[in-house]
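First the structure, in the form of structure tokens, and then the observations on it.
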Amino acid sequence: MTMNQLDRQITEAVEAFTSNDLAYSDNALVVIDPVAATATLLDPDEDADTDAMIDADPAHDYVAVMDLVEADPQEPGRWIPCAEAIADLCADYQG
């Protein structure tokens, strides 16, 4: 896995949230597969068995999408991906 690939995947998942944040709850999660270096967006409010899935799935990491966004300085009230938070998260996977 390359950090650029994982960074891109996480950023794309966060951008999916920020581009249509009204479609998702603030409880949305970024699901990371560290082996495949993929990341997807999951909204627990829309997936009834999320807690059971997380407990049964130690191969993936789950990160709150709200930990990976920041306020848009150009558009108050709008979220944008936080490059620093995403880079810090990716650094956890460097090995």
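When T50, T11, T40 are compared by accessible area at a 1.4 angstrom probe, the order from most to least is T40, T11, T50. Here the accessible area is traced with a 1.4 Å probe on the protein chains. For the chain, carbon and sulfur cover 47 percent of it.
Solvent exposure of the chain amounts to 60 Å² per residue of accessible area, where only protein heavy atoms count and the probe is 1.4 Å. Charged side chains reduced to their Cβ positions (Lys and Arg at +1, Asp and Glu at -1) give the stretch 37-95 a dipole of some 280 debye around its Cα centre. For the stretch 23-95, the square roots of the Cα gyration tensor eigenvalues, ordered a ≥ b ≥ c, give a/c of at least 1.5 with a/b no greater than b/c, which places it in the oblate category. Report the FRET efficiency, 1/(1 + (r/R0)^6), for D72 and T40, where r is their Cβ-Cβ distance and R0 is 22 Å, rounded to 0.05. So the FRET efficiency works out to roughly 0.40.
With every protein chain in place and a 1.4 angstrom probe, the accessible-area ranking of M53, M66, largest first, reads M53, M66. Counting only the backbone N, which residues of the stretch 51-81 are under 20 Å from the spot 7 Å out from the Cα of Q94 toward its beta-carbon? Taking a point 7 Å out along Cα→Cβ of Q94, the residues of the stretch 51-81 whose backbone N falls under 20 Å are 68.
The values are calculated or read from the model by the stated rules, or taken from the named source; none is laboratory data. Predicted, not measured: the structure shown is a model, and the values here were computed from it. Note that we place each Cβ from the backbone using ideal geometry, even for glycine, and neighbour counts take in every protein chain shown. Surface areas here come from the heavy atoms of the whole protein model, side chains and all, with no ligands, DNA or RNA. Shrake-Rupley method; radii C 1.70, N 1.55, O 1.52, S 1.80 Å.
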